[in-house]
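K.L.:
Have a look at the structure that comes next, please.
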Amino acid sequence: MSVKIGDHIDLGAFPLLLAPMEDVSDPPFRFVCKQNGVDMMYTEFISSEGLIRDAAKSRQKLDIFEYERPIGIQIFGSEIEHMRMASEISSQAGPDLIDINYGCPVKNVACRGAGASLLQDIDKMVAMTKAVVEGTHLPVTVKTRLGWDDNTKNVYEVAERLQDVGIKALSIHGRTRAQMYKGQADWSMIRDVKKNPRVKIPIFGNGDVDSVEKAAAWRQEYEVDGIMIGRAAIGYPWIFREIKHFFETGEHLDGPTIKERVDVCKTHLTKSIEWKGDKTGIFEMRRHYANYFKGIPNFKEYRMRLVSLPTHSEILEVLDEIEHQFDAELIVS
């Protein structure tokens with residue numbers, strides 16, 4: 001059976017989703033993930049206040065492209081009416097769905113009454129979600145955590161009540177806000193939400209999926225409708241194609257060659273410059289080089305050069321040098 005969000009988004013039998021990540025999940029990164037088989041993606045989270053004020057940075061995050069579909073715009077905020085307005089503004093950008101962030105744990109979000117902070121006030125979360133659902137003609141989904149801390153793991157209540165006000169899917173990160181990204185994600189509560197006979201919407205699991213083996217084992221063990229992958233895709237968009245190949249054949253794909261790593265890095269860089277302009281595109285790409293070439297011995301010298309060069313052509317020259325320096329057939333695990 002296919003997993004569906006609303007009436008029109010068909011994600012196939014067991015979709016792989018790219019998690020929305022601040023300063024990562026921009027259009028250039030989404031492009032290389034889409035090339036490698038991801039089934040659905042989201043924008044970086046966008047501040048409702050920024051959208052209402054027409055802030056340039058928030059507006060730019062609304063940029064989506066046809067090849068990205070299906071794609072959701074993720075919004076966050078602390079004021080119910082502002083979130084409703086933000087859902088209207090976001091809908092005009094033409095995404096396939098609107099997603100609400102009730103999971104971000106960082107201080108400057110959670111301590112301002114947004115993101116995971118709403119896990120401390122379920123009534124307000126429900127009212128906010130209802131307002132967003134009523135503010136758009138598109139399906140609304142939610143990403144959240146197990147609860148605020150170990151004493152308030154309330155995701156069971158969250159799932160039921162948000163479904164009752166109209167959300168069409170729920171992604172659950174298997175940690176509390178207090179855990180941030182530390183310790184191990186607990187998927188057992190995600191499984192329990194999925195098994196709740198009252199919950200009819202798709203449930204996606206998120207947290208710590210960083211290998212083909214984990215994806216396959218957790219698919220069976222926790223019985224979710226799909227898996228959302230975040231940090232493991234940074235510098236390694238091939239994780240989506242590798243997991244899919246294993247699901248389809250039971251066999252492992254070889255990891256990417258040096259040439260493949262260089263080619264995807266070049267594509268990411270080019271897309272970054274096209275979308276952000278030379279200066280910003282080159283600067284913001286610098287955070288990705290170490291991840292693309294992780295595991296390659298003695299790479300520090302090349303990384304230092306890549307993060308210091310000011311022009312597209314100079315960076316491409318170094319990337320060509322990397323390809324030729326290392327055995328083109330080398331497979332990096």
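The values are calculated or read from the model by the stated rules, or taken from the named source; none is laboratory data. Keep in mind it's a predicted model, so treat the numbers as computed, not measured. Ideal geometry is used to build each Cβ from the backbone, glycine not excepted, and the neighbour counts take in all protein chains shown. Note: areas computed on protein heavy atoms with side chains; ligands, DNA, RNA excluded. Shrake-Rupley method; radii C 1.70, N 1.55, O 1.52, S 1.80 Å.
K.L.:
Which of the residues that make up the range 137-165 are open to solvent by less than 20 Å² (accessible area, probe 1.4 Å) and either within 17 Å of Glu79 (Cβ to Cβ) or touching a helix residue (DSSP H, G or I) at 6+ places or on another chain (Cβ under 7 Å) (or both)?
P.N.:
Residues satisfying the conditions are Val140, Val142, Thr144, Arg145, Leu146, Gly147, Val155, Val158, Ala159, Leu162.
K.L.:
Restricting to the range 291-311, name every residue that is surrounded by fewer than 16 Cβ atoms within 10 Å (Cβ to Cβ) and closer than 15 Å to Ile258 by Cα.
P.N.:
Asn291, Lys294, Gly295, Pro297, Asn298
K.L.:
Do you know which of the residues in the range 30-48 that are in a helix (DSSP H, G or I) and open to solvent by less than 20 Å² (accessible area, probe 1.4 Å) is farthest from Cys265 (Cα to Cα)?
P.N.:
The extreme case among them is Ser48.
K.L.:
Contact list please: Cβ distance under 7 Å, first residue in the range 49-76 and in a helix (DSSP H, G or I), second residue loosely packed, with under 14 Cβ neighbours inside 10 Å, pairs at least six apart or on different chains.
P.N.:
Here the result reads Gly50/Lys57, each pair linking the range 49-76 to a residue that is loosely packed, with under 14 Cβ neighbours inside 10 Å.
K.L.:
Right, another one. Pull up the range 96-119, narrow it to residues that are under 21 Å from Leu62 (Cβ atoms) and part of a loop (DSSP other than H, G, I, E, B), then point me to the one that is most open to solvent (accessible area, probe 1.4 Å).
P.N.:
Looking at residues that are under 21 Å from Leu62 (Cβ atoms) and part of a loop (DSSP other than H, G, I, E, B), I get Asp96.
K.L.:
Another question, if that's okay. Just checking, does the range 226-235 include any residue being more than 26 Å from Asp26 (Cα to Cα), touching a helix residue (DSSP H, G or I) at 6+ places or on another chain (Cβ under 9 Å) and open to solvent by 10 Å² or more (accessible area, probe 1.4 Å)?
P.N.:
No - not one qualifying residue is present in the range 226-235.
K.L.:
Can I ask one more? Is it the case that Ile122 is within 23 Å of Ser48 (Cβ to Cβ) and open to solvent by less than 10 Å² (accessible area, probe 1.4 Å)?
P.N.:
Taking the combined requirement at face value, the residue does not satisfy it.
K.L.:
Counting just the residues of the range 278-333 that are closer than 22 Å to Asp254 by Cβ and among the aromatic types (Phe, Trp, Tyr), which one comes out modelled with the highest pLDDT?
P.N.:
Tyr292
K.L.:
For the range 86-95, what are the residues that are at negative phi and either surrounded by fewer than 19 Cβ atoms within 10 Å (Cβ to Cβ) or among the small types (Gly, Ala, Ser) (or both)?
P.N.:
The answer is Ala86, Ser87, Glu88, Ser90, Ser91, Gln92, Ala93.
K.L.:
Within the range 22-43, is there a residue that is of a type outside the set (Gly, Ala, Ser) and at positive phi?
P.N.:
Yes, the range 22-43 contains at least one residue that is of a type outside the set (Gly, Ala, Ser) and at positive phi.
K.L.:
Quick one: is Ser211 surrounded by fewer than 16 Cβ atoms within 10 Å (Cβ to Cβ) and either among the aromatic types (Phe, Trp, Tyr) or out of contact with any Cys (no Cβ under 9 Å at 6 or more places or on another chain) (or both)?
P.N.:
So Ser211 fits the description; yes.
K.L.:
Report the residue count in the range 184-210 for those that are of a type outside the set (D, E, K, R) and either part of a helix (DSSP H, G or I) or over 16 Å from the mean Cα position of the chain (by Cα) (or both).
P.N.:
12
K.L.:
What number of residues within the range 139-183 satisfy the criterion of being part of a helix (DSSP H, G or I) and either closer than 14 Å to Gly207 by Cβ or not aromatic (Phe, Trp, Tyr) (or both)?
P.N.:
9
K.L.:
Looking at (1) closer than 16 Å to Cys33 by Cα; (2) open to solvent by less than 10 Å² (accessible area, probe 1.4 Å); (3) modelled with pLDDT under 95; (4) not charged (D, E, K, R), which one does Ile243 not meet, given that it meets all the others?
P.N.:
(3)
K.L.:
Need a quick list: helices (runs of 4 or more DSSP H) entirely within the range 241-333 having at least 3 residues that are more than 27 Å from the chain's Cα centre (by Cα) and not hydroxyl-bearing (Ser, Thr, Tyr).
P.N.:
The qualifying helices (runs of 4 or more DSSP H) are 300-306, 312-325.
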